[in-house]
Amino acid sequence: MSRSEFDSYRPPELAEGRRKRRRGDRDGRPGKGGGRGWQNRGADGGREMPMVEDVEFSSYYGRSIVKAPPWGHEISLYLFLGGLAGGSTLLGLGAQLTERPGLRSATRLTAITATGVGGAALVADLGRPERFLNMMRTVKVTSPMSLGTWILSGFGVGAGVTAAIEVDRLTGEKLLPLGPLRRPLHAMETLAAVESAVFATPLAAYTAVLLGATAVPTWNAAGRNGLPYVFVSSASMAAGGAAMALAPVRETGPARLLALAGAAGDLVAMQGMRKRMHPVEVEPMDEGEPGEKLHRSEKLLIAGAVGAAAVEVGARFLSRKLRESKSTKTRTILRAVSAVSGVALAAASAYTRFGMLEAGIESTKDPRHVVEPQRARLAERRARGIVDDSITTGR
Amino acid sequence: MTTSTFGHDAIADGHWDHSAHGRKGFFTDTSICIGCKACEVACKEWNRNPQDGTYELLGSSYDNTGSLGANTWRHVAFIEQDSERIEKARESGRKLVSLGMPSIRPRTDETAAAQPVSTLPSSPEMNIDLLAPGALQPSDPEDFAGLDTAPPDTADFRWLMSSDVCKHCTHAGCLDVCPTGALFRTEFDTVVVQNDVCNGCGTCVAGCPFGVIERRDDGTINTPTDRGRSATEMDVPDKGTANKCTLCYDRLVEGQTPACAQTCPTTSIKFGDHEDMVAQAHERVAELHAKGLTEARLYGANPNDGVGGIGSVFLILDEPEVYGLPPDPRVATKDLPHMYATAGMAALGMVVAAGLAFFGSHRS
């Protein structure tokens with residue numbers, strides 16, 4: 001077939017596997033017909049031989065166009081913990097105002113732990129962790145990361161004070177060496193609780209904007225189509241779930257309701273968001289590991305919500321019986337169901353955050369996720385008669 | 001058109017009115033790029049950027065650099081195309097030109113058929129049609145002014161080469177989202193990272209719609225002689241911080257030309273005042289169109305686009321995605337007001353939900 005004496009030096013042609021990989025075809029998409037000709041073209045030495053196959057170029061060798069940020073599991077963890085901390089603080093303030101001491105101390109300790117671990121995770125993910133304080137050089141509204149740092153710091157002050165008060169109470173106001181500062185510290189409780197509650201919801205919501213204000217296709221599309229709703233719902237669910245697991249059943253009524261509201265909000269907002277996004281932008285949320293995580297999140301969410309609803313119904317109908325009866329059996333069952341479903345709800349929230357972060361990173365890998373939605377919106381604008389805003393111009 | 005577009009609001013938005021210098025930029029004319037990669041080398045040498053990778057062959061024509069990144073601030077793309085692809089590029093270019101604008105002279109068949117170049121060592125059926133007769137053989141070798149710089153127009157194969165670089169956007173996503181202020185806009189209206197300030201949070205990496213800026217994480221290399229041994233630690237400057245093209249800020253301050261533009265042997269990379277660059281780009285694309293090369297188009301010369309126009313204008317010969325460029329980039333911070341509003345609504349909803357949870361809860 002070949003006529004060149006140098007052909008023997010050529011490496012053997014690889015079979016189908018390599019062709020497929022090179023072309024970056026995905027299953028189910030129509031491949032390009034023909035295309036075998038390129039292998040022999042120029043084999044007689046009459047003209048230049050192409051070194052790569054004739055590819056239907058819609059991309060540059062299938063390489064990514066947009067780069068994924070160097071964000072690992074630390075950031076996913078922070079997304080979860082930030083939401084957990086914010087929601088817990090709201091529950092803590094409510095518990096203080098409605099005199100639910102068990103719920104109050106559980107949520108406040110959850111909040112400070114989540115803030116501490118989350119903050120540490122953020123610092124650990126920096127390229128130069130020792131320069132963490134450079135975040136505080138400036139306040140930039142165009143940078144959700146900058147605003148977020150200030151929100152987290154503002155939140156941390158109140159959360160720290162209320163947590164210190166809680167610890168002091170739990171240790172019988174003896175262990176902490178506060179001396180004369182004990183009185184002023186305890187006097188600040190309401191102020192600190194309100195202060196951290198003011199920053200609580202921004203803390204739960206800003207991370208959605210942080211992901212949204214990027215060029216990463218799935219995040220950007222999600223951010224434009226209601227990711228903040230998903231994230232605050234997820235945060236409510238996480239905080240409610242954690243409180244259900246940590247505080248006594250008779251005090252966690254509000255936590256259950258918040259968790260149920262969060263679960264419902266998560267489902268609705270997620271569905272709405274998926275519907276409004278371009279199908280190619282949703283794809284990474286359905287496929288591979290991120291897809292599995294989001295799917296698992298949904299299952300845990302439903303299971304946890306059913307459990308939480310059962311506990312709520314049980315607590316309402318059996319409240320009198322629980323108070324009067326000496327038997328602890330029903331109480332123990334309720335407590336156990338509460339703890340298990342609480343953990344399930346918190347885990348559902350964590351899976352949502354890990355899934356969304358990883359889906360975005362996945363969406364940068366195939367240029368299709370960048371090119372197709374962009375082509376679609378360009379064509380859509382052109383169809384509307386807007387032809388003056390393309391980056392590519394004919395003259 | 002070229003001058004009037006620069007009165008556009010994008011300039012005011014960027015607060016450039018009081019700039020000490022004019023805006024500087026590149027015009028990369030890929031139609032005369034020969035793929036020598038001198039720009040890549042000059043850039044690496046001047047900026048002392050570490051090497052990427054391990055001398056791997058990437059199987060993508062002559063491009064073994066891969067892409068722009070923390071250590072690669074100029075990247076030459078190589079694309080091999082057949083006649084089908086060339087025709088498609090021509091067709092898409094033609095459509096672009098006719099978008100609500102006066103049409104240009106279409107390529108006539110007479111011109112195409114009339115030039116079987118007998119002097120080339122090839123048979124007529126190769127059907128090379130040089131639009132500019134004599135382009136390959138200037139009668140007087142000294143007279144390069146008369147030399148036609150139109151790319152030789154072969155019908156069945158072409159090689160696209162393009163030197164990509166940071167776009168230095170009017171509305172720069174990386175600059176907007178940087179939380180430390182490490183990224184700043186210079187007096188030349190370029191976007192530069194201060195590596196002694198950057199803490200490597202990586203937000204800018206996600207913020208760039210062109211995938212240019214990157215965090216310099218990998219500081220080890222294997223030279224060919226080291227292969228098989230453990231990676232050699234290299235003296236990597238600014239490790240863990242974001243890195244990208246500075247448009248040779250250090251050279252501009254001294255009134256010099258950026259290294260890549262200075263070294264480019266074909267003047268494919270041109271450097272100068274941004275307005276001049278855009279004007280040249282418009283002229284050049286019109287010139288190529290007049291020769292029938294409808295596939296020629298400009299990338300980034302429109303201040304109305306999603307990033308407000310870019311500082312490094314390109315002339316390309318096919319769709320942008322063929323070169324690995326996004327077809328409709330949009331600075332993500334444009335969505336911020338809407339996203340903040342949504343987040344505000346969501347946060348409010350959470351407060352209400354928490355309040356209702358306490359009101360609706362049964363006291364026991």
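The values are calculated or read from the model by the stated rules, or taken from the named source; none is laboratory data. It should be emphasised that the depicted structure is a prediction, and the values quoted were computed from it without experimental measurement. When we count neighbours, we look across all protein chains shown, and the Cβ atoms used for this are built from the backbone with ideal geometry, even at glycine.
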Completion exercise
Scanning segment A:228-243 for residues that are more than 8 Å from every other protein chain (Cβ to nearest Cβ) and among the hydrophobic types (A, V, I, L, M, F, W, C) gives A:Val230, A:Met237, A:Ala238, A:Ala239, A:Ala242, A:Ala243
Exercise for the section: Report yes if some residue within segment A:371-391 is under 19 Å from the mean Cα position of the chain (by Cα) and surrounded by fewer than 20 Cβ atoms within 10 Å (Cβ to Cβ); otherwise report no. Expected result: no
Completion exercise
Every listed condition ((1) free of Cβ contacts under 8 Å to residues at least 40 places away in the same chain; (2) crowded, with 24+ Cβ neighbours inside 10 Å; (3) aliphatic (A, V, I, L, M)) holds for A:Leu203 save (1)
Exercise for the section: Return yes when B:Leu99 is at pLDDT below 90, within 14 Å of chain A (Cβ to nearest Cβ) and over 22 Å from the mean Cα position of the chain (by Cα) and no when it is not. Expected result: yes
Exercise for the section: Go over the candidates A:Thr171, A:Thr107 one by one and state the one that is crowded, with 22+ Cβ neighbours inside 10 Å and more than 10 Å from every other protein chain (Cβ to nearest Cβ). Expected result: A:Thr107
Exercise for the section: Quick one: which residue in A:Gly102, A:Gly86, A:Gly62, A:Gly119 is buried (at least 22 other Cβ atoms within 10 Å of the Cβ) and at pLDDT 90 or above? Expected result: A:Gly86
Exercise for the section: For segment A:273-294, enumerate the residues that are of a type outside the set (D, E, K, R) and either more than 28 Å from B:Val352 (Cα to Cα) or within 12 Å of chain B (Cβ to nearest Cβ) (or both). Expected result: A:Met273, A:His278, A:Pro279, A:Val280, A:Val282, A:Pro284, A:Met285, A:Gly288, A:Pro290, A:Gly291
Exercise for the section: Read through the list (1) at the interface with another protein chain (Cβ under 7 Å from one of its Cβ atoms); (2) out of contact with any strand residue (DSSP E or B) (no Cβ under 6 Å at 6 or more places or on another chain), then give the number of the only condition that B:Lys334 fails. Expected result: (1)
Handout entry: Checklist (1) within 14 Å of chain A (Cβ to nearest Cβ); (2) over 20 Å from A:Val387 (Cα atoms); (3) of a type in the set (D, E, K, R) applied to B:Glu319, failing item
Key = (2)
Practice task
Mind listing just one residue for me: the one in segment B:186-213 that is more than 24 Å from B:Glu40 (Cα to Cα) and more than 8 Å from chain A (Cβ to nearest Cβ) and, of those, modelled with the lowest pLDDT?
Solution key: B:Glu187
Exercise for the section: Would you mind stating whether B:Glu295 is assigned by TED's automatic domain parsing to the domain that holds B:Cys33 and modelled with pLDDT under 95? Expected result: yes
Handout entry: Filtered residues of segment A:113-130 (kept if within 14 Å of another protein chain (Cβ to nearest Cβ), without any contact (Cβ under 8 Å) to a residue 24 or more places away in the chain and assigned to a helix (DSSP H, G or I))
Key = A:Val123, A:Pro129, A:Glu130
Handout entry: So B:Asp52, is it charged (D, E, K, R) and at the interface with another protein chain (Cβ under 10 Å from one of its Cβ atoms)
Key = no
Exercise for the section: May I ask you to list the residues in segment A:131-147 that are within 8 Å of chain B (Cβ to nearest Cβ) and part of a helix (DSSP H, G or I)? Expected result: A:Arg131, A:Phe132, A:Asn134, A:Met135, A:Arg137, A:Pro144, A:Met145, A:Ser146
Exercise for the section: Please work out which one of (1) in a loop (DSSP other than H, G, I, E, B); (2) surrounded by fewer than 24 Cβ atoms within 10 Å (Cβ to Cβ); (3) without any contact (Cβ under 8 Å) to a residue 60 or more places away in the chain is the condition B:Gly344 fails and give its number. Expected result: (1)
